[in-house]
Every structure is written in C-alpha cells, then in structure tokens.
1. Just to be sure I understand the filter: pairs with C-beta atoms under 8 Å, separated by 6 or more residues or on different chains, first member in segment A:262-287 and within 17 Å of A:MET227 (Cα to Cα), second member charged (D, E, K, R) and assigned to a loop (DSSP other than H, G, I, E, B). Which pairs pass?
2. Is there a residue in segment A:124-134 that is farther than 30 Å from B:LEU201 by Cβ, surrounded by fewer than 14 Cβ atoms within 10 Å (Cβ to Cβ) and polar (S, T, N, Q)?
3. If you scan segment B:53-82, which residues turn out to be touching a residue at least 40 places away in the same chain (Cβ under 8 Å) and closer than 16 Å to B:LEU162 by Cβ?
4. With respect to B:ARG210, is the statement that it is at pLDDT 90 or above, surrounded by fewer than 23 Cβ atoms within 10 Å (Cβ to Cβ) and either more than 24 Å from B:ILE6 (Cα to Cα) or in contact with a Cys (Cβ under 7 Å, 6 or more places away or on another chain) (or both) true?
5. When residues of segment A:198-237 are filtered for being in a helix (DSSP H, G or I) and surrounded by fewer than 19 Cβ atoms within 10 Å (Cβ to Cβ), how many remain?
6. Just need a number here: residues in segment B:83-140 that are hydrophobic (A, V, I, L, M, F, W, C), more than 24 Å from B:ALA177 (Cβ to Cβ) and either free of Cβ contacts under 8 Å to residues at least 40 places away in the same chain or assigned to a helix (DSSP H, G or I) (or both).
7. Here are some residues: B:LEU186, B:LEU180. Which one is part of a helix (DSSP H, G or I), surrounded by fewer than 21 Cβ atoms within 10 Å (Cβ to Cβ) and within 14 Å of chain A (Cβ to nearest Cβ)?
8. (1) within 14 Å of chain A (Cβ to nearest Cβ); (2) closer than 21 Å to B:VAL86 by Cβ; (3) of a type outside the set (A, V, I, L, M); (4) in a loop (DSSP other than H, G, I, E, B): which one isn't true of B:GLY33, the others all being true?
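The values are calculated or read from the model by the stated rules, or taken from the named source; none is laboratory data. It should be emphasised that the depicted structure is a prediction, and the values quoted were computed from it without experimental measurement. Cβ sites come from the backbone with ideal geometry, for glycine too, and all protein chains shown count toward neighbours.
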Amino acid sequence: MTDAPLLDVENLWVRFRTRTGVFDAVRGLSFTLGRERLGIVGESGSGKSMTGRAVLRLIRPPGMIEADRLDMHGEDILGLPEKRMRKLRGGRISMIMQDPKFSLNPVMTVGQQLIEALRAHEPVSRREARARALATLDEVAIRDPERVLGLYPHEVSGGMGQRIMIAMMLLPDPEILVADEPTSALDVSVQLQVLDIIDKLVRDRGMGLMFISHDLNLVAKFCDRIMIMYAGRIVETCKASELARAQHPYTLGLLNSVPDLEHPRDRLEVLQRDPAWRDAPSVSARA
Amino acid sequence: MSALSIEHLNVWFGTGAERTDAVRDVSLDVGLGESFGLVGESGSGKSTILRAIAGLVPTWSGRMTVAGETLGKKRSKAFYRKVQMVFQDPYGSLHPRQTVDRVLSEAMQLHGVRDIDARMGRLLDDVGLGAGFRFRFPHQLSGGQRQRVAIARALASEPQVLLLDEPTSALDVSVQAEILNLLADLRRDHGLTYVMVSHDLGIVGHLCDRIAVMQDGQLVEVLGVEAMRRLEAQSPYTQHLLESSIHAIR
C-alpha cells in the first residue's frame, strides 16, 4: 500500500448558503496527493484556499463540504466524528496559514504554544516536549532557540514568526502539510529562505505538500505538479516543469500579466475572461 | 528642473534610548515627469521616506523641495494640491460607509475644485470606472476597482506628483496588470511624476525609469532601469536583491 495516495479526493464541493441562494465556492474537484509537492494556483475567489480548508474539514456552517470521496490514507474524513478529526488535524495533517501575525497567540510565549501543540497530540512530558520544540526550531533555522522560546509573538519579525509557525505545524510529525500562501506576508529575500526550509523538511520527512499560492512563477519553481483553479474548478493541470507548454488561455493570461524584469514590455497583458471557462467541466488532477 | 529633491533627510521615531533612526542621511532627486522607484525590504525605510514627503511624519530633518516649494514642518494647502498619495491597501483606505461619489467630492471640495459634477465624470472615466460606479459603496467594488477609486481620489486635486506606496501588493496578478497599465497611461496623459515604493523589482522595473535601493534606512545605490535589467548593480546587496527576484520561467 506504499503507492496509495495520502489524500484521495473525488468530486469535492464546498457550498455556502447565502440570502440569495447557494453559492458554490468549490465545484467538483478531483485530485490526489502523494508524497509530492502539489501547487494550487488561482486568483482570489478561485476556491484554492477553500480546497485547502475542506481537506482539513475546517469549513464551518453555513459552509458545507460534499464529496464522493475524501479519503486520507483510506480513512473517510467526511464521516469521522469531530473528536477523531481533532486528532488527525495537526497530528497527521497540518496547515501553515498566511500571516503569522494573526495565527500565533499574542498572549502566550512561543515556547508555551509549541509545547501545547505537541502535547495536544502526543503524551509526552513537558521536558521532552521542550527538547523537541528546541530541536524543531533549530530545524527551521532559528538561531538561539532557547531565547526564542521565551519570546512573545510581537517580539519576533515576520519571517521568524512564519518559521515558528512552520515549526509548530511540524512538531507532531504530520504526513500532509497544507501551506496557504505561506510566504505572501514576507519580504522577497526572506521568502526564498522560508521556502527552502519547507522544501527541505518536505523532502527529508517524505511528506505530501499542498502549496496554495496566487504566484504561478513561484509555484512552478517550487512544486512538482500544479493545478490551476478558476471559479471553483480546475482548468488545467500539469507538471511544474512543463508549465511553459501550458495551453489554457487562463494559465497563459496569468503568466503574461506578471511584469518581468528580464523581458520588459510596454504594456502588460490584461486577462480577458471567457465565460466559457466557468462552465467547462473540472479537469481531474488525479495522479 | 526637478520635481522633487531631498537632501540629507533623517527620520526618526521615539526619543532618548527608544529612538530608532528609520531614515539616515538620504539624498535623492526626481526629475519632472520621471517615475522613480524605491525598493528594499520591510523596515528599510522606503515607505517612511514617502510618508515624510507627504507630511505624515513630523520628526524629520534635512531639506526637501517639492515642485519648487521648500517644505517646512507644516505644509501649505497648495502643497497638498500638488502632491497626493495612493496607499497600499484599497480595503483599508476607503471609508466603508461613504459612496464613491462622497469620497471623491469631499476630496474636490477640500481642494476648492469648482464644477464638481462634470469633473467627477471625467475622473471616473480617467481611472476606467465610468459613471455607473458613482454611487456605489466600497463593499460593492472589487479590490481592483477600489484601488481605482483611491487613484481617482488622489487625482482629484490635479496633482503633479503622485506618491505610490505599494499600490498593487494587495491585488491579484491579473488585476495588478490592469492597475499598472492604468498608472502608466495616467502618467503619460497627465504628465505626472511618480515616486513608487515596492518590494517587487519586477513591478518597479516595469513602471520606473530609475530606482533607489534602501537598506537599514540608508540609500545603498541609485541605478537606471537598463542597468537593473542587465543585473549591473554596484553594491552586493542590490545584486542579491536582483538575483532573488529573477524567478521568471520564460
């Protein structure tokens, strides 16, 4: 069973009931995630973040998740009781959020939060939890982890905060990591550093990574496989190395609208949206 | 004649032991009609320079001349007619309970624009929105449309200099392209001078003629966009920045 995908999703829908009827944020997505780096790209509102949250069952009412299949290691996530889900969430599957400023608890020290995160999932002593927290901080390239453990979130920089978040998510040793725009709140030079850390950890530990981003170029450089989302559906999927051969006008539009230092143009191309993209059936991204 | 000239600018926050020097001894010159970029990491002082020019930071020393007017601690009304600023976050910079009409007419009243009605229509056309958007509230607009309103507000007083603080960083790449094209058109049509802050060298390289690289509150170097494209930076820091932002795949 080693080749079985970590995550197997078929016909996933995320719906919200609103005053004006039901709004479909994700419309019939199918994909699998193995021990690989899968990039999910799209604009705001394309449903990429909702896909990430649905996989962790983090969508609260009035939002609804429906799927023909949503299996993690053969276990049906949708049917699980909330108690079991809490064990999986953070334990086997973790999520790195966009902005460390809003995701770390401002009134707890870094150390307290890290230790709590680990002890929520494993019956380890406080002393052992502390030792592992130190080791993980070291893994995410934080100098002087002893000192950092005693700091409050407002005392650390954005890049450091994001690395602390990563450390926290990795402590219980998850198999699947969902990273939702993990670097968009960071400076360019820090971005690369944080990506390198995620990359190294994913490789070393053999995890599956779902990397959600609006930056197609970044994803192309960083992931193995890409799925491009538009209006809640997958419009195209390809190997990251073959992005240059992408066909779909939406993908091409995204690629061409980015100003590029090396290839200056007088005017940037503006995406002309075709209503047909919205109605075209979702492409399957099953490996 | 230069549109904007800064000599030995220092900006600090706090006093005594708490004092942080955000900008240290920066001098630069922006020509009339030029588009000038300021780049650097967070905390390098690039936005602080913009805020000092706009009069949003009281603690500064040095000499600043904008459109022939030497700036003191207080700015004249004429100064604000000539210099306007567009902020980073269109979600935060528009009043949520005021319509586009109210936002723009208030700006025009403050600057004593006559014939507000006719000018309103022209402003909305200029930023590519059209009269249909006049009575909408911010929550009825997308991020890109909001930023267009913010740009229209800045244009209301018919300024000569626009200060742009990361005008597209809160937007999707596809919408960013529209706003960048709009800014390029407006500069050409109205003969504007831009000073733009961004951390994205691709954007700065697209819109600007010259860029200044900042680090730790100091100016590392000023280079032309051609030199930047050829990756011919003098300082190792600029070289490092250039190399980290070359991630294009084509």
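1. A:ALA287/A:GLU36
2. yes
3. Within segment B:53-82, the subset touching a residue at least 40 places away in the same chain (Cβ under 8 Å) is B:53-54, B:57, B:59-68, B:80-82.
Hits for segment B:53-82 are B:ILE53, B:ALA54, B:VAL66, B:ALA67, B:TYR80, B:ARG81, B:LYS82.
4. Details: at pLDDT 90 or above: yes; surrounded by fewer than 23 Cβ atoms within 10 Å (Cβ to Cβ): yes; either more than 24 Å from B:ILE6 (Cα to Cα) or in contact with a Cys (Cβ under 7 Å, 6 or more places away or on another chain) (or both): no.
No, not satisfied.
5. Of the residues in segment A:198-237, the ones in a helix (DSSP H, G or I) are A:198-205, A:216-222.
From what is left, the residues that are surrounded by fewer than 19 Cβ atoms within 10 Å (Cβ to Cβ) are A:199-200, A:203-205, A:221.
Total meeting the criteria: 6.
6. Count: 10.
7. Details: B:LEU180 fails: surrounded by fewer than 21 Cβ atoms within 10 Å (Cβ to Cβ).
Selected residue: B:LEU186, the only one of B:LEU186, B:LEU180 that is part of a helix (DSSP H, G or I), surrounded by fewer than 21 Cβ atoms within 10 Å (Cβ to Cβ) and within 14 Å of chain A (Cβ to nearest Cβ).
8. So the condition that B:GLY33 fails would be (1).
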